[in-house]
Amino acid sequence: MAKPRANAQTLAAAPRMCIIACGALARELLVIINQLPAGSMTLTCLPAAWHNHPEKIVPGLKTKINAACRAGQTPVVVYGDCGTGGQLDSFLAAEGVPRIPGPHCYQSFMGEAAFDIAMEQELGTFFLTDYMVRHFERIVMKGMGLRNHPQLRDMYFAHYKRALYIAQTDDAGLQEKARAAAVKLGLAYEYRYTGYGNYTGFLHHLAASDSVTAPSGAGR
């Protein structure tokens, strides 16, 4: 049986905004979205692993943006530059699609001023988030080859001095895992609770705003 085509009634019922984000932020963004009025926005994500393949991010976002526009939703991107070398912002500017300010999630979680202070204190900082701690074995130990080739640690982390865990949740188990991660990397350990940082205010502002409009260049 053929699927029914979308009509004006189904489009009207769809959340008015589609948040397109990095999969590493999915858990945190869903918590915030679920606090907002029903129908404000929905969430779709690109794979978190694409941080290691930044050339995939812009094409992936284009596909998601076009799909959102076809569904009658206004796309908003929740991504940092994430290694695209400015291509992300150039693409979004041409499409007229807004994104959260900031170069990466570390600054967005901490806030610009706190992040700048942290970097002034120690430029050689390796950041851990809740997502990074939960998946440290897969992302770092296996993904970077350290599990099978521990000597690579001295090459990858020679210029790092500390592991700074900027936590989104107050979770003793994750804190213990973060400490263990720092030990594995041979780095000093520090902990700071940030909560969801700038993401909370950004999404709440979007939900309350009537000024976010569908981009004219997307959906082609």
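The values are calculated or read from the model by the stated rules, or taken from the named source; none is laboratory data. Since we're looking at a predicted model, the values are computed, not measured. Glycine gets a Cβ as well: all are built from the backbone with ideal geometry, and neighbour counts include every protein chain shown.
The set of residues in segment 23-56 being hydroxyl-bearing (Ser, Thr, Tyr) and either modelled with pLDDT of 95 or more or within 14 Å of VAL77 (Cα to Cα) (or both) consists of THR42, THR44. One residue alone among PHE202, PHE109, PHE126 is within 25 Å of ILE33 (Cα to Cα), among the aromatic types (Phe, Trp, Tyr) and either touching a strand residue (DSSP E or B) at 6+ places or on another chain (Cβ under 7 Å) or outside the structural domain of GLY80 (by TED's automatic domain parsing) (or both), and that residue is PHE109. Pairs linking a residue in segment 200-218 that is at pLDDT below 60 to a residue that is among the polar types (S, T, N, Q), with Cβ atoms under 7 Å and 6 or more positions apart or on different chains, are ALA214/THR74; ALA218/ASN66. Screening the candidates ARG153, ARG138, ARG162, ARG147 for the property of being of a type in the set (D, E, K, R) and either closer than 17 Å to ALA26 by Cα or modelled with pLDDT of 95 or more (or both) yields one hit, ARG162. Do you know which residues across segment 99-115 are crowded, with 16+ Cβ neighbours inside 10 Å and within 20 Å of GLY23 (Cα to Cα)? Matches in segment 99-115: ARG99, ILE100, GLY102, HIS104, CYS105, TYR106, GLN107, SER108, PHE109, MET110.
Scanning segment 127-157 for residues that are in contact with a helix residue (DSSP H, G or I) (Cβ under 7 Å, 6 or more places away or on another chain) and under 22 Å from THR84 (Cβ atoms) returns PHE127, THR129, TYR131, MET132, ILE139, MET144. Among the residues of segment 40-59, the one identified as small (Gly, Ala, Ser) and out of contact with any helix residue (DSSP H, G or I) (no Cβ under 7 Å at 6 or more places or on another chain) is ALA49. Filtering segment 77-91 down to residues that are touching a Phe, Trp or Tyr at 6+ places or on another chain (Cβ under 9 Å) and modelled with pLDDT of 95 or more, which residue is farthest from ARG162 (Cα to Cα)? Applying the filter and picking the extreme gives LEU88. Tell me yes or no: at least one residue of segment 95-103 is in contact with a Lys or Arg (Cβ under 8 Å, 6 or more places away or on another chain) and within 21 Å of GLU28 (Cβ to Cβ). No.
Of all residues in segment 136-179, those that are in a helix (DSSP H, G or I), within 27 Å of GLY111 (Cβ to Cβ) and not basic (Lys, Arg) total 9.
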